[in-house]
Structure formats: structure tokens, C-alpha cells
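One structure is given here, and the rest of the page talks about it.
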Amino acid sequence: MAAAIDYMNGFDRTAIAAHEQDLLDYATREVKAFNQFRIIGEAPGKGAILSFEADGIHAHDLATILDREGVAVRAGHHCAQVLMERFGVASTTRASFALYNTRADVDALIAGLSKAREIFG
Amino acid sequence: MDDSLRELYQEVILDHSRHPRHFGALEKATHEGEGHNPLCGDRVKIFLAVGTDNRIADISFEGKGCAISQASASLMTDMLIGRTIEEAEKLMGGFLNLVKGEDAGNLAPDDREHLDVMAGVSAFPMRVKCATLAWHTMKSALEGGEAVKLV
């Protein structure tokens with residue numbers, strides 16, 4: 001824990017936030033441009049996480065494919081079953097961005113999504 | 001593409017998940033079973049009609065989940081209808097071993113071939129439970145376990 005705090009203190013927090021926001025904006029644009037995935041949650045000023053669902057592909061199938069492509073995401077109900085039920089969403093796939101991620105990671109995510117579409121049609 | 005992915009999501013699996021066989025409730029069910037995997041949210045309900053000759057006359061299922069769980073349930077109905085309970089139990093045991101990457105045991109070559117489409121799951125430990133949910137539920141329905149309601 002102390003090591004984590006020391007590590008974080010070595011960076012300018014505003015710069016971290018700007019970096020994460022840039023990745024989120026880029027990923028949001030790219031996933032939208034892909035046009036086959038519905039983004040869930042676009043409140044202004046939200047953290048650097050991107051949740052989405054796909055027609056005809058369950059989040060766990062998508063996560064398995066992304067995993068094999070070297071992209072780690074969280075998938076499923078995220079322990080938020082009540083909220084998911086309220087919005088009629090069965091499961092989502094969620095990518096999170098942090099200071100160590102780059103735009104190349106977002107590109108890998110998009111390539112993985114394209115692979116999933118290749119498999120599931 | 002990654003061969004293990006191709007093996008997991010082969011055409012037969014995708015076809016079963018897109019067009020599940022025997023989907024829906026069974027009116028004259030003699031046994032029912034419910035299965036739930038709270039960790040991933042998959043749910044399945046199995047309906048069975050067992051005749052006085054100890055043979056499974058019909059099976060159907062309802063459920064929601066990933067492609068693997070739906071395909072596995074669909075394939076199971078196809079494979080178990082018409083079998084005696086003893087035959088079904090042997091096949092179920094073989095299947096459960098197969099998806100865990102263990103020896104499927106002494107199955108008829110034809111059965112082995114049909115089950116083989118699910119063998120790719122064994123390379124994905126996180127997904128084994130998706131494949132086994134319907135089969136465990138079926139087993140439990142036949143054995144009258146706690147989650148089972150005999151109608």
C-alpha cells in the first residue's frame with residue numbers, strides 16, 4: 001500500500017486525470033465508430049471506464065475472446081444486479097483505463113472487438 | 001486466429017446457441033430442475049418427461065446466458081432424449097469429465113463424437129462452469145436433489 005501511494009505521489013494528479021480522460025474520449029469515439037456496440041453510461045465527468053454491450057454476443061463470450069487477444073476487461077453483472085435489472089441490461093463488458101494505459105491499448109481493444117464480430121457474425 | 005478460440009466457438013456451438021433445440025417449458029414434465037450460477041448470472045431450467053419404462057421421452061430447457069451455456073444445454077437435450085436414465089447418467093458423467101479435460105470414459109464412438117464439440121472448453125477453466133450448468137441441473141432433476149421440484 002505504501003509503495004502504491006509513493007508511486008502515485010510521483011505523478012502530477014492533474015496530468016494523470018487528463019491522460020485517463022484522453023484515453024476514455026478516444027475509446028468512446030472508437031467504439032462508437034465501430035457501430036456494433038452500445039455504450040452504457042455517458043454521464044459528463046465520469047471516471048475512465050467504458051461499459052458496453054453487444055447484440056448477439058454475451059459479455060462473457062466477449063471477455064474470453066478479448067482475453068485471448070491480450071485485453072483484460074471485466075464482464076457480467078459487476079455485482080450490480082439490481083441496477084442492471086432496473087435498466088434491463090443482462091450483462092456488460094467494461095474496459096478501465098489508468099495512467100499506465102496508452103492509445104495502443106485502446107487500439108488492441110478495438111481489434112479484439114472486431115475479432116469477436118468475426119467469430120459471432 | 002487463436003486455435004483454442006476457434007475450437008471453443010466452432011460452428012456447431014454457435015449454431016446451437018443461436019438456434020437452441022427444445023427451448024421452452026414442457027407441459028407434461030415429470031421432473032424439473034433449476035440451476036443458477038450467481039457468479040456469472042447464468043440461469044437454466046430443465047424439464048423432463050420420464051416414462052414408466054425409465055426412458056427419457058422428452059427434455060426441454062429455458063435459460064439465459066452466454067453462448068457456451070446455451071449451446072451446452074441445447075446439445076444436452078438433443079443427446080439425452082430417448083435414453084434410459086442409466087444411459088443418460090453414463091453420458092452425463094462422460095461429458096463432465098470431458099469438459100474438465102479428463103478422460104471421458106467408455107462412451108460409444110458416436111456419443112463421443114457429438115460431445116467432442118464441447119471439448120474445447122477444457123482449455124478455458126473460467127468457462128467450464130458455463131458448460132456444465134445445464135448438465136448438473138439435469139443430474140439434480142433426475143436425482144431429485146434440493147434444487148429440484150418433482151411435479
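Throughout, read-outs are computed from the coordinates displayed, never taken from laboratory work. Treat the numbers as computed from the prediction; the structure is a model and nothing was measured. A quick note on method: Cβ atoms are made from the backbone with ideal geometry, for glycine too, and the neighbour counts reach across all protein chains shown.
Before moving on, here are some points about what is shown:
- Hey, residue A:62 surrounded by 22 or more Cβ atoms within 10 Å (Cβ to Cβ), aliphatic (A, V, I, L, M) and within 10 Å of another protein chain (Cβ to nearest Cβ) or not: yes
Okay, residues lined up against (1) within 22 Å of residue B:98 (Cα to Cα); (2) of a type outside the set (Gly, Ala, Ser):
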position	(1), (2)
B:15	yes, yes
B:24	no, no
B:32	no, yes
B:37	yes, yes
B:49	no, no
B:54	no, yes
B:58	no, yes
B:72	yes, no
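- Evaluated against (1) assigned to a loop (DSSP other than H, G, I, E, B); (2) free of Cβ contacts under 8 Å to residues at least 12 places away in the same chain, residue A:104 falls short on exactly one condition, (1).
- Scanning region B:1-49 for residues that are among the aliphatic types (A, V, I, L, M), surrounded by 16 or more Cβ atoms within 10 Å (Cβ to Cβ) and free of Cβ contacts under 8 Å to residues at least 24 places away in the same chain yields a total of 2.
- The residues on offer are B:56, B:46, and the sole one that is among the hydrophobic types (A, V, I, L, M, F, W, C) and more than 10 Å from the chain's Cα centre (by Cα) is B:56.
- Hey, residue A:47 farther than 21 Å from residue B:39 by Cα and either away from chain B (no Cβ under 12 Å) or out of contact with any Phe, Trp or Tyr (no Cβ under 8 Å at 6 or more places or on another chain) (or both) or not: yes
- Any hit, region B:31-39, residues being at the interface with chain A (Cβ under 9 Å from one of its Cβ atoms) and either within 16 Å of residue B:120 (Cα to Cα) or of a type in the set (Asp, Glu) (or both): no
- Residue A:87 of a type in the set (Phe, Trp, Tyr) and within 12 Å of the chain's Cα centre (by Cα): no
- Tallying residues that are within 12 Å of chain B (Cβ to nearest Cβ) and of a type in the set (A, V, I, L, M, F, W, C) within region A:50-59 yields 3.
- Of the residues screened, residue A:74 is one that is within 20 Å of residue B:39 (Cα to Cα), surrounded by 12 or more Cβ atoms within 10 Å (Cβ to Cβ) and free of Cβ contacts under 8 Å to residues at least 24 places away in the same chain.
- Yes/no for residue A:85 being more than 22 Å from residue B:9 (Cβ to Cβ), within 14 Å of chain B (Cβ to nearest Cβ) and charged (D, E, K, R): yes
Yes/no matrix, rows are residues, columns are (1) outside any strand (DSSP E or B); (2) out of contact with any helix residue (DSSP H, G or I) (no Cβ under 9 Å at 6 or more places or on another chain); (3) at positive phi; (4) among the small types (Gly, Ala, Ser):
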| site | (1), (2), (3), (4) |
| --- | --- |
| A:28 | yes, yes, no, no |
| A:33 | yes, no, no, yes |
| A:52 | no, no, no, no |
| A:62 | yes, no, no, no |
| A:67 | yes, no, no, no |
| A:70 | yes, no, yes, yes |
| A:79 | yes, yes, yes, no |
| A:85 | yes, yes, no, no |
| A:88 | yes, yes, yes, yes |
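- Any hit, region B:79-89, residues being in contact (Cβ under 8 Å) with a residue 40 or more places away in the chain, part of a helix (DSSP H, G or I) and in contact with a Phe, Trp or Tyr (Cβ under 8 Å, 6 or more places away or on another chain): no
- For region B:50-82, the set of residues classified as within 14 Å of chain A (Cβ to nearest Cβ) and surrounded by fewer than 17 Cβ atoms within 10 Å (Cβ to Cβ) consists of B:64 only.
- Checked against the criterion of being away from every other protein chain (no Cβ under 13 Å) and loosely packed, with under 15 Cβ neighbours inside 10 Å, the candidates A:98, A:111, A:80 yield just one match: A:98.
- Candidate set: region A:35-59, residues that are in contact (Cβ under 8 Å) with a residue 12 or more places away in the chain and more than 14 Å from the chain's Cα centre (by Cα); chosen: the one surrounded by the most Cβ atoms within 10 Å (Cβ to Cβ): A:58
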